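*Asks:* The structure follows.
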Amino acid sequence: VWIRDTDGDVVADLRSVFYEGDLSSTIDISTHPETGAIYVATRTGILRLWDRDDDGVSDDREKIVFFELKGNFLDNGCAGICFDENGDVIFGIGSILGEPYTLEGSDGTAYSDQGEGGNIWRCTIDGENLRRYATGVWNPFGICYTPEGHMFATDNDPGSRPPCRLHHVLENGDYGFQYRYG
């Protein structure tokens, strides 16, 4: 649903359905700062929605990252979408209870993992050149990229116990969580 202020009085006065379709376990949403495309993170991948004719309704739906998960765990899928200074997509995947998975970009680049911990990923706006950026997080549900080039991620700790963590994420960083250790 898209809620807008069309008359500039800082009160939403128009509500319309931007996209209606098969979305299951939607976890995060973000707007690309240059293209205006809407990126949606779900349990099973990243979608890109376009409003090409500027009528307030999505015209195209493209799945740019595909997530194959053998388990049926609905949390800790793709989340935390943001964009870096080049406009590349950054997102996270949680530990998914240690289940094996395969993550594939739109160009066929694929990574398989045994679900040892959550990871932060990076790809182009089209889902190409997918690569693991950092590892060892539990559930990176919030990721941001500052104008100065710093990346931060919020991460809730396992077992429903505090404290949650805030990571200053560095490329190839390992933040220590492995599912096998609880």
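*Asks:* Report whether or not residue 27 is among the aliphatic types (A, V, I, L, M), within 24 Å of residue 84 (Cβ to Cβ) and either touching a residue at least 40 places away in the same chain (Cβ under 8 Å) or in contact with a His (Cβ under 7 Å, 6 or more places away or on another chain) (or both).
*Replies:* yes
*Asks:* Also: I need every pair where a residue in region 32-51 that is closer than 12 Å to residue 88 by Cβ has its Cβ under 6 Å from the Cβ of a residue that is open to solvent by less than 40 Å² (accessible area, probe 1.4 Å) and assigned to a loop (DSSP other than H, G, I, E, B), sequence separation at least 6 or different chains.
*Replies:* Listed by first residue and then by second, the contacts come to 34/87.
*Asks:* Would it be correct to say that residue 130 is modelled with pLDDT of 90 or more and touching a strand residue (DSSP E or B) at 6+ places or on another chain (Cβ under 9 Å)?
*Replies:* yes
*Asks:* From the list 48, 132, which residue is among the basic types (Lys, Arg) and farther than 22 Å from residue 19 by Cα?
*Replies:* 132
*Asks:* For region 54-68, indicate whether the set of residues that are open to solvent by 10 Å² or more (accessible area, probe 1.4 Å) and touching a Pro at 6+ places or on another chain (Cβ under 6 Å) is non-empty.
*Replies:* Within region 54-68, not a single residue is open to solvent by 10 Å² or more (accessible area, probe 1.4 Å) and touching a Pro at 6+ places or on another chain (Cβ under 6 Å).
*Asks:* Of the numbered conditions (1) of a type in the set (Phe, Trp, Tyr); (2) surrounded by 17 or more Cβ atoms within 10 Å (Cβ to Cβ); (3) farther than 26 Å from residue 139 by Cβ, residue 39 satisfies every one except a single condition; which is it?
*Replies:* (3)
*Asks:* Name every residue in region 133-151 that is closer than 22 Å to residue 115 by Cα and open to solvent by less than 80 Å² (accessible area, probe 1.4 Å), in order of residue number.
*Replies:* 133, 134, 135, 136, 137, 138, 139, 140, 142, 143, listed by residue number.
*Asks:* Further, regarding this structure: Can you name every residue in region 33-50 that is at pLDDT 90 or above and among the charged types (D, E, K, R)?
*Replies:* Residues satisfying the conditions are 34, 48.
*Asks:* Another one. Can you tell me which residues in region 13-32 are more than 27 Å from the chain's Cα centre (by Cα) and modelled with pLDDT of 90 or more?
*Replies:* 13
*Asks:* Follow-up question, since we're still on this one. Would you pick out the residues in region 100-142 that are under 21 Å from residue 175 (Cα atoms) and charged (D, E, K, R)?
*Replies:* 113, 116, 122, 131, 132
*Asks:* Among the numbered criteria (1) open to solvent by 50 Å² or more (accessible area, probe 1.4 Å); (2) over 20 Å from residue 96 (Cα atoms), which single criterion is violated by residue 48?
*Replies:* Looking at each condition in turn, residue 48 falls short on (1).
The values are calculated or read from the model by the stated rules, or taken from the named source; none is laboratory data. Given the structure is predicted, the values throughout are model-derived calculations rather than measurements. As a convention, Cβ positions derive from the backbone with ideal geometry for all residues, glycine included, and neighbour counts pool all protein chains shown. The protein model used for the area step is the full one, side chains on, heavy atoms only, and it has no ligands, DNA or RNA in it. Shrake-Rupley method; radii C 1.70, N 1.55, O 1.52, S 1.80 Å.
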